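This report refers to the structure that appears directly beneath it.
Computed from the coordinates by the stated procedures, all read-outs in this text should not be read as laboratory data. Values in this document were obtained by computation on a predicted structure and should not be read as measured data. A quick note on method: Cβ atoms are made from the backbone with ideal geometry, for glycine too, and the neighbour counts reach across all protein chains shown.
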Amino acid sequence: MKMDLYLLFMVLTSSIAKNFAQTGEDILTKMDINRDYKTISYVGVMSIYVKDNVRVKNLKSEALNGAETKALVEFTNPEDEGTRFLMLGKNLWIYFPAEEDVVKISGHMLKEGMMGSDVSYEDALESDALSEKYTITLSNEEKLNDRQCYVIVLEAKVKDVPYFKRKMWVDTKTFVALKEEMYAKSGKLLKVANVLETREIGGRNFPVKVEMVNTLRKDSKTVFEMKDVVFDKQMDEEKFSMRYLRR
Amino acid sequence: MNKYLIILTITILLSTAAPHAGQQSGMTFNGSMYTDLGLLHTVHSSSKDEADFAGMSLFSLNPKNANRTFGKVECLFDVIVPYGRTITRYVPEIDDSSDADQSLPDYYKIFSFGKTPVLFDLRKLYLSVYLPFADITMGRQIVNFGKGFVFSPIDVFSSVELYDINFRRRGSDIVDILVPFSAMAGIDLICEMPFLDESCSVAAKIYATLFDFDFSAVGIFRNNDKESDFENETVFGLTFKGDAAVGIYGEAVGHYINESKDLSFEGMLGADYSIKDRWYFICEYLYKQHDWTQSIWGEHNIFGSARFRINDITNISASIIYDFEKESTLGIAQFYYNILQNVNTIIYLQGSEAAGGKYLLYSARVEVKF
């Protein structure tokens, strides 16, 4: 009897969850729960593949989710040692330690690959409020790597977006986007992001290894891996300042 | 120079001592090494051209303390071994010929192998103390007041080394006090050392980010000594950088000679742009109203740079600086290949044409970073 009740509960809750997640907006809301944190810190490894060559860049990152996103990234590999990025809302600065120089990265330069990778500065700067910028529709459900996924399509409703159209494969159980395709207005596929590994950290399903392929670049891809991920750690807000950038 | 070596030694000894449990401590050491091998082709209009071996090896080390919660000690020095004709660029007294570059700063000669000197160049050595209300930095450091990549009339403390293919900047011996107002605004106060020296200059920069543009206002009092060709002057200026279809930046600088009460203007306007994450362009224009300002440039000057990224490890680039008044040109074309992790090869052609002569340097560099 106890088992029957348990099964009934499971069936009901899964059917409620499934009925609830009927629209694209609902799916996006559930996805946001995984990303609902006040702070995040991690050590990152960015592996840039060019044909058979691989170049590894190490970094450490801290970010604060508030009224505006604040993030500080510092590269620690010998070639880029001490190079820092400061993101305050829509503003981005790079600090080059050798020349003690702080350079603001402006509009069109944001489309460049970050430190030579396939991830643009614009990708890194993007806030999570996709529903404000895109019209979201649930296309269908399909299997991706043996995992059942909702396929949602996002189409831009404002001009100020890096990609006109995006297609996401969202795991029906964990609500993690396992794959994303990013398109230009012409319909040309620009980038493909594949989640290679997710991990449960602090009660959240979080992608910790992502592969980004820029289709405009030949024989090139970037694999980004996050290690030692810690959520909601107490952070000194002063760190996210021009003053700290020069330290 | 000996006092710097003593300070450096003490700093390294102190910083490597007393590690704290569970906390990153001690010093971190990063650096690079490269060797340039090339051929210097000197063009003579009245006689036969000359071709000479030219090159150099450079070892650069950058130690700094790992835990920078309360302060920072940083040093950056180069050990340079010039070969062939490059020796005359670094040690002009060896060669009294007219093409020996007298404008280069002094380097400390450690010792010589015959005619080949081994030189020491202290580029940075400073101590920073982080107080709750201000960051105080004392010692040799690079001060970037301006926004220009090559032309920056407001950058009177750290000039660009034009003959360095990476356009590195030289440091100054100063005390810098940075007082923040907010995350994106503050004031930077600078005083040259030694304070009581006749040529001591002082400066203040107020900076802020408004409407997604970086702005700053700068005031500098340059107290030149009696032996200097220049009189005391007050320099004041405005800088900005932001986005308007292309990335734009600029500097407007006024020079006021205190004795003669003459006022002159320098202005720089720059733009950068990228196309399809492959082409990157930078161009700058510098206007200088009078000869007596302490910059080396003529009335109208331009700088242009283009880079084409073949892939993430290979690119080609070219840049040119042209002074319309002196009709002088400095250009560099480079092929860059990241052959292995932290190992780069650069094949470059550097050319210069000015009243003093014309030369072409064909060179290859292998560089390792660690």
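Legend: mean number of C-beta atoms from other chains within 10 angstrom of residue C-beta atoms, peptide B:306-316, equals 4. For chain B, rounded, prolate or oblate, judged on the Cα gyration tensor with a ≥ b ≥ c (square roots of eigenvalues), a/c < 1.5 rounded, else prolate if a/b > b/c? Since a/c stays below 1.5, the shape of chain B is classed as rounded.
By the count of other C-beta atoms within 10 Å, a proxy for reagent exposure, A:Asp160, A:Asp36 are ordered fewest to most as A:Asp160, A:Asp36. When the pairs B:Lys205/B:Lys241; A:Lys38/B:Lys241; A:Lys133/A:Lys218; A:Lys104/B:Lys147; A:Lys165/A:Lys227 are compared against a 21 Å limit on Cα-Cα distance, A:Lys38/B:Lys241; A:Lys133/A:Lys218; A:Lys165/A:Lys227 fall above it. The mean number of Cβ atoms from other chains found within 10 Å of a Cβ in peptide A:90-102 is 5, as a whole number. Pairwise Cα separations in chain A fall into 5 Å bins from 0 onward with the following percentages, short to long: 1, 6, 11, 16, 19, 18, 13, 8, 4, 3, 2, 1, 0, 0, 0. Each of B:Asp214, A:Asp26 was scored by other Cβ atoms within 10 Å of its Cβ. Listed from fewest to most, they are A:Asp26, B:Asp214. Using Cα-Cα distances under 8 Å and only pairs 6 or more residues apart, what relative contact order does chain B have, in percent? Over chain B, the number comes to 11 percent.
Per-residue shielding of B:339-352, expressed as the average number of other chain Cβ atoms within 10 Å of the residue Cβ, stands at 1. Using every pair of distinct Cα positions in the range A:142-247, the Kirkwood expression returns a hydrodynamic radius of 16.2 angstrom. When the convex hull of the Cα atoms of the protein assembly as shown is projected onto a plane and the area is averaged over all directions, what value comes out in nm²? For the Cα atoms of the protein assembly as shown, the hull's average projected area reads 33.3 nm². For A:Lys173, the lysines whose Cα comes closer than 17 Å to its Cα, not counting residues fewer than 8 places off in the same chain, are A:Lys18, A:Lys30, A:Lys143.
Could you tell me which residue out of B:Ser45, A:Gly202, A:Val119 lies farthest along the dipole of the protein assembly as shown toward its positive end? Charges go on the beta carbon: Lys and Arg +1, Asp and Glu -1, centred on the Cα centre. After comparing all options, I get A:Gly202. Look at the dipole of the protein assembly as shown built from charges on Cβ: of B:Val246, A:Asn214, B:Ile321, the Cα furthest out on the positive end belongs to A:Asn214. Counting alpha carbon pairs within less than 8 Å and at least 6 residues apart, what relative contact order, in whole percent, applies to chain A? It comes to 20 percent, rounded to a whole number.
Scoring A:233-245, A:139-151, B:238-250 by mean Cβ neighbours within 10 Å over their residues and listing the highest first yields B:238-250, A:233-245, A:139-151. For the range A:55-170, compute Rh as the Kirkwood radius over C-alpha pairs and then the Stokes-Einstein diffusion coefficient at 37 °C and 0.692 mPa s; write the answer in µm²/s, rounded to an integer. Rounded, D is 201 µm²/s. Positive-end ranking of B:Val160, B:Thr234, A:Met242 along the dipole of the protein assembly as shown, with charges on Cβ about the Cα centre, is headed by A:Met242. Counting only aspartates and glutamates at least 8 places from A:Lys157 when in the same chain, those with an alpha carbon closer than 12 Å to its own are A:Glu132. Counting only lysines at least 8 places from B:Lys109 when in the same chain, those with an alpha carbon closer than 18 Å to its own are B:Lys3, B:Lys124.
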